[in-house]
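Undergrad: Have a look at this one before I ask anything.
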Amino acid sequence: FVPRAAQQFAAMSSAMLVSGLAAAGVLLAVRAKITSTQGPVVTGQFDAAWGISMNHVTLVLASLQTYYLPALARSRDQIQRNGHISRVLTVTALAAAAVITGVAWLKPHLIVWLYSQEFRPGAAYLRWTLLGDYLKVTSWILSIPILAAAEMKVFLAADLAAYGVFWGAAAGLTHWFPAAVGAGMAFVLMYAVH
């Protein structure tokens, strides 16, 4: 048992837990707003788009993280760290662009294949979440160095600020757009800020 390692693990785990709870809570509030203003059918269509959007990006990012985070943590100096960030950013941006373009091109068909014909209108929300996904990839690549340096307060502050933007923008945009469209736009704004 190493007390310092246990403290670092507890700090990282706590920050990730709080971040995850904030993400779930904000998404629940956004879904509640969509349901209250547009009904459960539109909420389901939004969720279909959201599910496709989150799963394809998470697949790319989670697989890359197994290399990227340890490589950054092992970096001996800023030049080596910057080299890792630059390489990963270049490769991931190209891969994300290709995957997101493919999903965008197939979006109406993907929704029908993965859900059903009734969810097809969700393709309109997918266009916003896909744009947000591209920004999410960049944001993720630039936030992993914060984790590698174990700067958990900075990580948590950035995540909570981003979720605050998502929640506030989703609520504010309902004055001009339907709630589901506003939520998609808010997702883009969230990662632009992050």
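The values are calculated or read from the model by the stated rules, or taken from the named source; none is laboratory data. From a predicted model like this one, the values you see are computed outputs, not experimental measurements. All Cβ positions, even for glycine, are placed from backbone atoms using ideal geometry, and neighbour counts span all protein chains on display. When the accessible area is computed, the model is the full protein with side chains, heavy atoms only, and any ligands, DNA or RNA have been set aside. Shrake-Rupley method; radii C 1.70, N 1.55, O 1.52, S 1.80 Å.
Undergrad: Give me the residue from region 151-194 that is over 17 Å from S36 (Cα atoms) and assigned to a loop (DSSP other than H, G, I, E, B) and, out of that set, most open to solvent (accessible area, probe 1.4 Å).
TA: Restricting to residues being over 17 Å from S36 (Cα atoms) and assigned to a loop (DSSP other than H, G, I, E, B), the top hit is E151.
Undergrad: Shifting gears a bit: For region 19-31, which positions are open to solvent by 60 Å² or more (accessible area, probe 1.4 Å) and touching a residue at least 12 places away in the same chain (Cβ under 8 Å)?
TA: R31
Undergrad: I've got another one for you. So R76 fits all but one of (1) loosely packed, with under 12 Cβ neighbours inside 10 Å; (2) within 25 Å of V99 (Cα to Cα); (3) not aromatic (F, W, Y); what number is the exception?
TA: Only one criterion in (1) loosely packed, with under 12 Cβ neighbours inside 10 Å; (2) within 25 Å of V99 (Cα to Cα); (3) not aromatic (F, W, Y) is unmet by R76, namely (2).
Undergrad: Go through region 1-53 and report how many residues are over 20 Å from L160 (Cβ atoms) and of a type outside the set (D, E).
TA: 28
Undergrad: So which of G25, G44 ends up being over 14 Å from the mean Cα position of the chain (by Cα), more than 18 Å from Y191 (Cα to Cα) and of a type in the set (G, A, S)?
TA: G44
Undergrad: Let me ask something additional. Which of the residues belonging to region 32-52 are more than 17 Å from Q117 (Cβ to Cβ) and open to solvent by less than 70 Å² (accessible area, probe 1.4 Å)?
TA: Hits for region 32-52 are A32, I34, T35, Q38, G39, T43, W50.
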